[in-house]
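Chemist: Can you keep this structure in mind? I'll have questions shortly.
Read-outs: derived from the displayed coordinates by stated rules, not from any lab. Predicted model only: the values in this text are computed from it and were never measured. Counting neighbours? That spans all protein chains shown, and the Cβs are built from the backbone with ideal geometry, glycine included.
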Amino acid sequence: MKFFERLKNIFISRKSFFKNKISLTLSISALIINILSWLYIFINIRPQDEPIFLHYNIYYGVDLIGDWYQIYFYLPLIAIIIFFINIFISYILYKRDEKLTYLIQGLNIFLQLSVLISTYLIVQQNL
């Protein structure tokens with residue numbers, strides 16, 4: 001019984017997390033950056049029979065090749081999963097330490113920017 005009460009308190013008392021302008025701005029910014037990654041791939045990578053480069057390493061060159069649709073799973077899908085995990089962690093920690101949630105969400109933006117840059121470089125290798 002106490003478990004469900006604690007769980008209820010976690011989700012009911014955190015409503016101000018979504019009303020906080022800083023949290024909302026950071027979350028939306030990270031989500032927009034991720035959407036840009038999806039769009040860049042969608043615009044530049046078309047269905048094709050030949051395999052495409054999925055990963056490039058400066059030491060060995062191309063070290064992962066696959067079908068055209070795998071590029072969607074390789075970078076932006078993993079990034080959006082991590083985005084939602086970070087939002088959930090921020091939501092849980094919001095009442096304890098507001099600044100820590102801002103740090104997590106700022107790192108979320110950094111991750112999304114890194115994925116956007118990686119997406120750009122991988123797509124450029126395939127053009």
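Chemist: Order these peptides, 120-126, 47-53, by their mean beta-carbon neighbour count within 10 angstrom, highest first.
Modeler: Peptide ranking by packing, descending: 120-126, 47-53.
Chemist: Could you give the size of the charge dipole of the stretch 7-127 about its Cα centre, using +1 on the Cβ of each K and R and -1 on the Cβ of each D and E, expressed in debye and rounded to the nearest 20?
Modeler: Computed about the Cα centre, the dipole is about 1000 debye.
Chemist: Let me ask something else. What number, in percent, do you get for the relative contact order of the chain if the mean sequence gap of Cα pairs under 8 Å and at least 6 apart is divided by its residue count?
Modeler: With pairs under 8 Å counted, the relative contact order is 34 percent.
Chemist: How large is the convex hull of the C-alpha atoms of the stretch 27-89 per residue, in Å³?
Modeler: Value for the stretch 27-89: 96 Å³ per residue.
Chemist: Using only Cα atoms and rounding to the nearest 10 degrees, what angle (0 to 90) does helix 98-126 make with the longest principal axis of the chain?
Modeler: 10 degrees
Chemist: Using helices alone, what [θ] at 222 nm do you get for the chain, with -39,500 (n - 2.57) per DSSP H run of 4 or more residues, divided over all residues and rounded to the nearest 500?
Modeler: Computed mean residue ellipticity for the chain: -24000 deg cm²/dmol.
Chemist: Of Ile65, Ile45, Ile117, which is farthest on the positive side of the dipole of the chain, counting Cα position, with +1 on Lys and Arg Cβ, -1 on Asp and Glu Cβ, and the Cα centre as origin?
Modeler: Comparing the listed Cα positions along the dipole, Ile117 ranks first.
Chemist: Given the chain, what count of lysine pairs have C-alpha atoms under 17 Å apart, with each pair 8 or more places apart or on different chains?
Modeler: Qualifying lysine pairs in the chain: 7.
Chemist: Would you mind checking the radius of gyration and Dmax of the stretch 2-126 based on alpha-carbon positions, in Å?
Modeler: Using the Cα atoms of the stretch 2-126, the pair Rg, Dmax is 18.1, 57 Å.
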